[in-house]
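What follows is a short report on a single structure.
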Amino acid sequence: MTGQPYAVRFSAPAAKVLDALPEHAEDTVWDVLDAAAADPWGLRQFNTDDPEGEDIRHASVGQLSLTYWVNRPLRRLSVLTITWLG
């Protein structure tokens, strides 16, 4: 499966936020997740002081931020939180 993008899953709270977002914000979420699925470690680490937390990543674009966990064995990104300040 080398070179294949990671699958994306949403936590229940993140899915609720995604459903409530305006269309342009939802499009941005999917754009960010497309980039993250292609290169899961390309976005910054959530807590750089945690040497064991390299699989928790954080992405921010404008008023949108999301946090995801890279599940290496299953090749999945689990979206933990979505925050929209709009």
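Looking at the stretch 2-25, is at least one residue acidic (Asp, Glu) and surrounded by 11 or more Cβ atoms within 10 Å (Cβ to Cβ)? So far as the stretch 2-25 goes, no, none of its residues is acidic (Asp, Glu) and surrounded by 11 or more Cβ atoms within 10 Å (Cβ to Cβ).
Taken over the stretch 59-77, the criterion of being open to solvent by 30 Å² or more (accessible area, probe 1.4 Å) and either in a strand (DSSP E or B) or within 18 Å of Arg9 (Cβ to Cβ) (or both) is satisfied by Ser60, Val61, Trp69, Arg72, Pro73, Leu74, Arg75, Arg76. Scanning the stretch 43-53 for residues that are under 15 Å from Ser65 (Cα atoms) and either open to solvent by less than 90 Å² (accessible area, probe 1.4 Å) or at pLDDT 95 or above (or both) turns up Leu43, Gln45, Asn47.
Considering the stretch 22-43 alone, what residues qualify as being farther than 16 Å from Ile56 by Cα, of a type in the set (A, V, I, L, M, F, W, C) and in contact with a helix residue (DSSP H, G or I) (Cβ under 7 Å, 6 or more places away or on another chain)? It would help to see each step written out before you state the result.
Going through the stretch 22-43, the residues farther than 16 Å from Ile56 by Cα turn out to be 22-31, 34.
From what is left, the residues that are of a type in the set (A, V, I, L, M, F, W, C) are 25, 29-30.
Of everything in the stretch 22-43, just one residue is farther than 16 Å from Ile56 by Cα, of a type in the set (A, V, I, L, M, F, W, C) and in contact with a helix residue (DSSP H, G or I) (Cβ under 7 Å, 6 or more places away or on another chain), namely Val29.
The values are calculated or read from the model by the stated rules, or taken from the named source; none is laboratory data. This structure is a prediction, so every number in the text was calculated from the model and none was measured. FYI the Cβ positions are ideal-geometry reconstructions off the backbone, even for glycines, and counts take in every protein chain you see. Surface accessibility is based on the protein's heavy atoms, side chains included, excluding ligands, DNA and RNA. Shrake-Rupley method; radii C 1.70, N 1.55, O 1.52, S 1.80 Å.
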